[in-house]
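For reference, the structure is listed below as structure tokens.
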Amino acid sequence: MGNENSSTIYSEIRKLKEEKNAVILSHYYMPPELQLLEKDGGVADFIGDSLGLSIEATRVNAANIIFCGVRFMAETAKILNREKQVFIPDMEAGCSLASSITAADVLELRRQHPGVPVVAYVNTYAETKAEVDICCTSRNAMSIAKSFDSEELIFVPDVYMGQNLSKKIEAETGKHLILWHGKCEVHEQFTGSAMKMMRLMNPDAEVLVHWEVPAEGVDASFDQNTGVLGSTNDILKYVGESKSQKFIMASECDLGATLKGMYPDREFITPCFKCPYMKKITLTNTLQVLEAIGTGNVPPYEIILPEEVMTRAYPPIKRMLDFV
Ligand code: SF4
């Protein structure tokens, strides 16, 4: 899309947001043109990771929320804002982690491990959240896992994040995590050999590694270089506090664009693995949602969930927000 087209679509989106009483919440993995805040000439009202956007969703005054992220995030925003209409520009914006587990799978895990609490990463659909004890994000998973008295916990659905958490939790508390087999198809590409290669080529770089990267990728990242293993927010915070000029980044490619925008003088090296689900959201389909609001043609975009599912999924999400 040329600059002229982009600026026309930007002004159209800004105009319709005002007319239709709507806000845009945009995730850090969105294409750069959707990460630009309205105050900086773009269209987003808030940019954040999933926990940050969940919190913003509880503070929104507008009647309509347009969620530029993936569907499980928009569902969470809806469950926290039942009186509002929540829209996603493409219903096909899924997630390999969220689709790896169903509510029936959680019930079966409970049957196999009676009495063991279930912690679900927020990357799950509403029906799955309705069956768990508490949700977590990569930002508060450690403190939530530590808060349970039980010696065992079921952690779903991300096996890699679960393995990374297990190491820390078992070392610090002796707790054992029972894991599911879900994988983020983006972060699983940061294998041990990929990380080793980037590190060997950039021995002076610090390493920024997301919790969803496989354990062998994490081990290969930190055997010599310093850096951080954590959430998107931990990565942003670490770079802000570091004196380094060069970083290897093991997370979704467009987080690199966010970092470069924040720190233009620093270098961020990444193989640029993009999430195909996040990239379904564009300026064009964001404009289409706004055009549809109020016309009676919103069903392709509106998040509609059964009342009973929302009622049961709310407490695990609310408990998660208490750990901010
Ligand atoms: S980056 Fe991974 S966890 Fe995030 S939405 Fe895409 S597939 Fe899901």
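No lab work stands behind these numbers, since they all come straight from the coordinates. Small disclaimer: the values here were computed from a predicted structure and weren't measured. Cβ: placed from backbone, ideal geometry, glycine included. Neighbour counts: every protein chain shown.
General observations
- Contact order for the chain, expressed relative to its length and based on alpha carbon pairs under 8 Å spaced 6+ residues apart, stands at 21 percent.
- Whole-Å distance, taken between Cα centres, linking region 105-174 and region 271-304: 31
- DSSP beta bridges in the chain [antiparallel fraction, %, rounded to 5]: 5
- Electrostatic dipole magnitude of the chain [Cβ: Lys, Arg +1; Asp, Glu -1; Cα centre; debye, to 20]: 260
- Once C-alpha pairs closer than 8 Å and six or more residues apart are averaged by separation and normalised to the residue number of region 98-179, the relative contact order reads 29 percent.
- Residue among Q224, A194, S251 farthest towards the positive dipole end of region 187-269, charges placed on Cβ: Q224
- Averaging the sequence gap over all C-alpha pairs within less than 8 Å and six or more residues apart, then dividing by the number of residues, gives region 187-269 a relative contact order of 32 percent.
- Working from the Cα coordinates of region 187-269, the gyration tensor eigenvalues give, after taking √(5λ), semi-axes of 18, 14, 11 Å in decreasing order.
- Charge tally around G294: other residues with Cβ under 10 Å, Lys/Arg +1 each, Asp/Glu -1 each, net -1.
- Lysines whose Cα lies under 29 Å from that of K243, excluding same-chain neighbours fewer than 8 positions away: K39, K167, K168, K196, K260, K274
- FRET efficiency estimate (nearest 0.05) - Cβ-Cβ, K146 to K243, R0 30 angstrom: 0.45
- Shape class for region 68-201: oblate, because the ratio a/c of the largest to smallest gyration tensor axis (alpha-carbon atoms, square roots of eigenvalues) is 1.5 or more and b/c is at least a/b.
- In the distance distribution for the chain, Cα-Cα pairs more than 37 Å apart total 16 percent.
- Those Cys residues of the chain for which no other cysteine Cβ falls under 4.7 Å: C68, C95, C135, C136, C184, C275
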